[in-house]
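Right, one structure below, let's go through it.
Any read-out appearing in this document is the output of simple, stated calculations on the displayed coordinates, not a laboratory observation. None of the values given here were measured: they were computed from a predicted structure. Reconstructed Cβ throughout: ideal geometry from the backbone, glycine too, with neighbour counts over all protein chains shown.
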Amino acid sequence: MTGIKRLLVILIAGSVCFVLQMMVLPGVEILIALPNLMLILVMSSGFLFGKAYGLFVGFLTGLLIDVVGTGTPGFNALMLMLLGYGDGVLSEKMESEIIPVLFLILSVNELLYHVYLFVFGFLVGSRFSLLPYLREVFAPEILLTLIVFLPLYGLLLFVSKRWELKINKGEVKVV
């Protein structure tokens, strides 16, 4: 897949994930927590397209979250950028289609992201208890994120593989 096609896939997926995470899902009353669609997008970009895309997507999605959500530019952008780059580095060393490994890596990403949020967002600003945070925020969010991960990652994987194939006179060539 060429760079322009990858960028197009990332922009479309990022726009959809951002609108869902920030505007649609918070209005759903039955959800006790929200899946972290932006983290899924960052991890998927790093794994499917490499560390440069993971870094780029992590920075842009983090900046979007910062501007719309926290109001502190760079807070989420830094962490998501580092996670995207790390996922890109891991993708060079392992296969991108082994689902249990991807679940484990996404869980570690979610854990690192929440530790970062807890330490720099809550603990520094005020006294906050870790166990209620893990029980009431982290556990429900990671479960929903893992449930939503498989269809979203599968869709991105399908699109990226689909655009890599070109049909030429009845035979399939990988470009």
Complete set of residues in the stretch 129-162 that are within 26 Å of Glu95 (Cβ to Cβ) and either aliphatic (A, V, I, L, M) or not in a helix (DSSP H, G or I) (or both): Ile142, Leu143, Leu144, Leu146, Ile147, Val148, Leu150, Leu152, Leu155, Leu156, Leu157, Val159
Answer residue from the stretch 49-86, given it is hydrophobic (A, V, I, L, M, F, W, C) and touching a Pro at 6+ places or on another chain (Cβ under 9 Å) and is surrounded by the fewest Cβ atoms within 10 Å (Cβ to Cβ) among those: Val67
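Matching residues to (1) hydrophobic (A, V, I, L, M, F, W, C); (2) free of Cβ contacts under 8 Å to residues at least 24 places away in the same chain:
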position	(1), (2)
Val19	yes, yes
Glu29	no, yes
Ile32	yes, no
Met38	yes, no
Tyr53	no, no
Phe59	yes, no
Pro73	no, yes
Gly86	no, no
Pro100	no, yes
Among (1) surrounded by 14 or more Cβ atoms within 10 Å (Cβ to Cβ); (2) of a type in the set (A, V, I, L, M, F, W, C); (3) in a helix (DSSP H, G or I), the one test that Leu34 misses: (3)
Residue within the stretch 94-104 that is surrounded by 19 or more Cβ atoms within 10 Å (Cβ to Cβ) and more than 20 Å from Tyr116 (Cα to Cα) present: yes
